[in-house]
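Working notes, beginning with the structure itself.
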Amino acid sequence: MTLITPSAEVAKALSEGAPIVALESTIITHGMPYPQNLEVARQVEADVRAAGAVPATMAVLNGTLRAGLDDAELEALAKAKGVAKLSRADIAACIAMGGTGATTVAATMIAARLAGVHVFATGGIGGVHKGAELSFDISADLMELAQTPVTVVAAGAKAILDIPKTLEVLETQGVPVIAYGQDDMPAFWSRESGISAPLRMDTAAQIAASHRLRGEMGIPGGQLIGNPIPQDAEIDAATLAPIIARAQADAQTHGITGKGVTPYLLQRIFELTDGKSLTANIALVRNNARLAAGIAQHLVGHAAK
Ligand code: PSU
Ligand code: MN
């Protein structure tokens, strides 16, 4: 049985050994409101193409795991209500039951591995939530990074998460956390978190080289790249802090738990910033798509040294 079905474009890129960048679909269904989610999904694919790689948006559609969606499929997903949010725990169950679902970072990494894609661009990863010592809310994304060999380009961990604890778990799990072009770990809407990243690299070639070397050395798992949001799109951390605290308090009041937490917080912060959080989110995802395309090119040896 074929475990993943590539689009014609992705199949061609795979057979030619062309650079490919995986993209997730939970950011479309649960991370951003319609219609911006659709515009961003299209824009990010265009950014990957403009940067010389082929985009492969992952999703489960009617029981089939797909790598690369056509425009009508992207639109249907962006408009759909109540689409399942799939992580490691439920991706196989969704396929087995013939369902439709969007892939989180963890599930997109699994899909990428199955398709033979090594690089993945997203906005932010899931991590250790604030108050995790009571809620035990730690995203499966972290454990996926420890076992699935995909380099994930994100803008760091969102301030809705406990960044020091997220970094501790990644260290325990043996995941390289690499800030791109700076020493500080980026914090999603802000370029700096005030915490030094464990590693720093300044070129896509270095990131590709360490990805390849880990594979050759038999070290399982991927790499997390923290790519800082472009300067002109940054939102000041001090402006966001009370908004995040409010969103968190609202989540508690409404008894939001499990996989509902992250989508709830993202939506609430969008409302409380009058949409400014989304504008920043879009700029950083596009920036990550471009860097991921560069890494993908180095991985397949297409880029100049
Ligand atoms: N963080 C964001 N935007 C997102 C997500 C996280 O800034 O869209 C999504 C990603 O799909 C990520 C998932 O994998 O949320 C994490 O969910 P959880 O915390 O339930 O593991
Ligand atoms: Mn969670």
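The values are calculated or read from the model by the stated rules, or taken from the named source; none is laboratory data. On a predicted model such as this, the values are computed, not experimentally measured, just so you know. Accessible surface is based on the protein model in full, side chains and every heavy atom, while ligands, DNA and RNA are left aside. Shrake-Rupley method; radii C 1.70, N 1.55, O 1.52, S 1.80 Å.
Some notes on this structure:
- Helix-only CD estimate at 222 nm, as mean residue ellipticity for the chain, using -39500 (n - 2.57) per DSSP H run (n ≥ 4): -14000 deg cm²/dmol
- Taking all protein chains as they are arranged and a probe of 1.4 Å, the heavy atoms of Ser87 leave approximately 20 Å² accessible to solvent.
- 5 angstrom amide H check on Gly127, placed H, neighbours 5+ away: Ser139
- In angstrom, the C-alpha Rg and Dmax of region 157-212 are 11.5, 32.
- 31 Å Cα-Cα threshold exceeded, pairs from Lys79/Lys158; Lys165/Lys276; Lys81/Lys158; Lys85/Lys165; Lys81/Lys165; Lys12/Lys165: Lys81/Lys165; Lys12/Lys165
- Hull volume in cubic angstrom per residue (convex hull over the Cα atoms of region 110-168): 79
- Rounded D (µm²/s) - region 224-275, Kirkwood Rh over Cα pairs, Stokes-Einstein at 4 °C, 1.567 mPa s: 105
- Carbon + sulfur, % of accessible area of the chain - ligands and nucleic acids excluded, 1.4 Å: 56
- Sorted largest first, extent of region 5-303 alpha carbons per principal axis (Å): 51, 42, 34
- Helical segments meeting 27 Å axial Cα length and Kyte-Doolittle -0.5 threshold in the chain (DSSP H): 276-299
- Relative contact order of region 5-303: 21 percent, from C-alpha pairs under 8 Å at least 6 residues apart in sequence.
- Solvent-accessible area per residue for the chain (1.4 angstrom probe, square angstrom): 42
- Pairs of alpha carbons in region 202-305 whose separation is greater than 25 Å (percent): 43
- Relative pair counts by distance (%), Cα atoms of region 137-292, 5 Å bins: 2, 9, 18, 20, 20, 15, 9, 4, 2, 0
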